[in-house]
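Each remark here refers to the structure printed beneath this line.
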Amino acid sequence: MAGPAYVMLEDLRCVCDGRNCERALGENDLMLRMTTDAGERRAYECACGAVTVTVVR
Ligand SMILES: [Zn+2]
């Protein structure tokens, strides 16, 4: 039997919203995760101090 065809999307990367900062944010920067009706919201805190919020549907 082959394994499931889907892949985990946990590694979806995003980029910092900070001014002049394009640092890639990953799991290590994940500060907060919560699920709402609109999807899963994730807040990442960058080393530059900016917080970037993403929504994963
Ligand atoms: Zn940053």
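Data overview
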read-out: Subset tally (residues that are assigned to a strand (DSSP E or B) and surrounded by fewer than 12 Cβ atoms within 10 Å (Cβ to Cβ)) for region 40-49; value: 0
read-out: Given (1) in contact with a Gly (Cβ under 7 Å, 6 or more places away or on another chain); (2) at pLDDT below 90; (3) not β-branched (Val, Ile, Thr), index of the condition Cys14 fails; value: (1)
read-out: Residue that is nearest to Val53 (Cα to Cα), among those in region 17-28 that are of a type outside the set (S, T, N, Q) and within 9 Å of the ligand (Cβ to nearest atom); value: Asp17
read-out: When residues of region 23-39 are limited to those that are at pLDDT below 90 and not polar (S, T, N, Q), the one surrounded by the fewest Cβ atoms within 10 Å (Cβ to Cβ); value: Asp37
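The values are calculated or read from the model by the stated rules, or taken from the named source; none is laboratory data. Small disclaimer: the values here were computed from a predicted structure and weren't measured. Virtual Cβ from ideal backbone geometry, glycine too; neighbours counted across all protein chains shown.
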